[in-house]
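The values are calculated or read from the model by the stated rules, or taken from the named source; none is laboratory data. Only a predicted model underlies this, so the values are computations on that prediction, with no experimental measurement involved. A quick note on method: Cβ atoms are made from the backbone with ideal geometry, for glycine too, and the neighbour counts reach across all protein chains shown.
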Amino acid sequence: MDKLKNAFKDASSQLAGEIKSILKEHGSKEVGAVTLAQIYGGMRGLKSMPWEPSELDAKEGIKFRGYSIPEIKKLLPKIKGGQEPLPEGLFWLMLVGEIPTDEDVAWLSKEWAKRGEIPQHTKDVINAFAVGTHPMTQFIAGVTSMQSESVFAKKYFEGLNKKEYWDPTYEDAMNLIAKLPRLAAYIYRKEYRNGEHIDADLSLDWSANFAHMLGITDNPDFSSLMRIYLTIHADHEGGNASAHTTHLVGSTLSDPYLSFAGGMCSLAGPLHGLANQEVIKWVFKMIESIGTSTPTKEQIADYVQATLDKGQVIPGYGHAVLREPDPRFTAQREFAEAYIKGDDLVETVWKTFEVVPPILKGLGKVKNPWPNVDAHSGALLVHYGMKEFSFYTVLFGVSRALGVLAAQCWSRALGLPLERPKSITSEWLKQVVKES
Ligand code: HAX
């Protein structure tokens, strides 16, 4: 058994025992009421699912096993001489709850390099898509096609003891995470680079190899961007749509490939992960409409108002949980300050950050006027030459696999059951109100 799997086995068997005894003694303890507004309001704040890898605080932002983004930037292993944390380290932390050593992370980079090959039939599936098909559609189909490789599905149909579910789930999680950059790069090169594919370089870490296969290697800082990008997008506790969908699909014992494909269908919505493409499209439309790549704050404010007047949202702003600027936005801003200060597009994103919150506050209904993760990422990608906006959500998806698949290992280890909440009808609603 490999060292990460062994560490996960120890951590999960101990917690499974603790939870069992807590529920035995305190299972009937009430932890909050549910209001009608919550039921009709997208279940905001409803505590209803266990999720080990991370927890979101409305003011402080995401904490991975208790560590904030500034803390993981400092504490997670980096490549020699590098400044950015390696997402391999975050996966380790989310899975077993401990900061790994440099040696652990080097092992994990090698392990993923080894497991990363994608099947020929997956390449055939991608090649069969008409050029112009949205990359998220291709990504989801590619992931689904790789389900043929699922160890969990194979073992389950051979007959698997419930207590062992976590083991092939771990194998699938590791294999799928390893394969995703190759699938994503295959889509990118097929769609935007005449199908001129680039072989993996097995000596590189997960992010640098991804940058290499995408073919964006003119500036080595793009690999650094990929390291921080793939780290900060990895998880945002369990209630967000892509995580929750992965969890829900997985609760039927669908294998990690199908569960993750389901999660990616959620990520592809414009209120969620697709917002990263919408932001940059919006910024470029603004630049075109104003007629300068260095718009003033007043010009930006007018454009924001015009967007709102059309009954549209300002992409990259607002959040269902956060009530302060997203630390993932701040981490990207710090990256830009360190690597590409003075870039016109980045400056426009920063000016927009000064302009939008007061306008949204003025509407009196927006609960969070601050930027989210998607407000900044496009400007960084454009700087390094990735101008194909439709591909941006695929990058988010590759990263999101780390959190949702670590969580699925936990769901299997803890023996979490099929999800099946109670729905209500408007007749029930009227009755409740009448009786109150
Ligand atoms: N621009 C304009 N209006 C906004 C807004 C924005 N950025 N954010 C919220 N509002 C509006 C809502 O549309 C809603 O209006 P109505 O009552 O007229 O329907 C009102 O303010 C209250 O909404 P809320 O309670 O503040 O926000 P929700 O929890 O309902 O929604 C969203 C959260 C992220 C969906 C929302 O803020 C939004 O649409 N933002 C723009 C899209 C976006 O950036 N999405 C990415 C979010 C982060 C993420 O998941 N990344 O993957």
So, first residue among the acidic types (Asp, Glu) in the range 226-237, second residue part of a loop (DSSP other than H, G, I, E, B), Cβ within less than 7 Å, six or more apart or across chains; the pairs are 235/53; 237/51
- Message: I'd like to know if the range 218-241 contains one or more residues that are part of a helix (DSSP H, G or I) and basic (Lys, Arg).
- Response: yes
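Could you check the range 22-39 and list, in sequence order, the residues that are in a loop (DSSP other than H, G, I, E, B) and either under 31 Å from the mean Cα position of the chain (by Cα) or not polar (S, T, N, Q) (or both)?
Passing the criteria: 27, 29, 30, 31, 32, 33, 34, 35.
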Of the conditions (1) touching a helix residue (DSSP H, G or I) at 6+ places or on another chain (Cβ under 6 Å); (2) touching a residue at least 60 places away in the same chain (Cβ under 8 Å), the single one that residue 145 does not satisfy is (2)
Those residues of the range 166-206 which are part of a helix (DSSP H, G or I), farther than 30 Å from residue 250 by Cα and free of Cβ contacts under 8 Å to residues at least 60 places away in the same chain amount to 189
Among residues of the range 369-408 being among the charged types (D, E, K, R) and within 11 Å of the ligand (Cβ to nearest atom), the residue nearest to residue 329 (Cα to Cα) is 374
- Message: Taking the conditions exactly as written (more than 15 Å from the ligand (Cβ to nearest atom), out of contact with any Phe, Trp or Tyr (no Cβ under 8 Å at 6 or more places or on another chain), at pLDDT 95 or above and not in a helix (DSSP H, G or I)), does residue 259 satisfy them or not?
- Response: no
The residue from 378, 362, 397 that alone is free of Cβ contacts under 8 Å to residues at least 24 places away in the same chain and part of a helix (DSSP H, G or I) is 362
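Mind listing whichever residues of the range 276-329 are within 15 Å of the ligand (Cβ to nearest atom) and of a type in the set (Ser, Thr, Tyr)?
303, 307, 317
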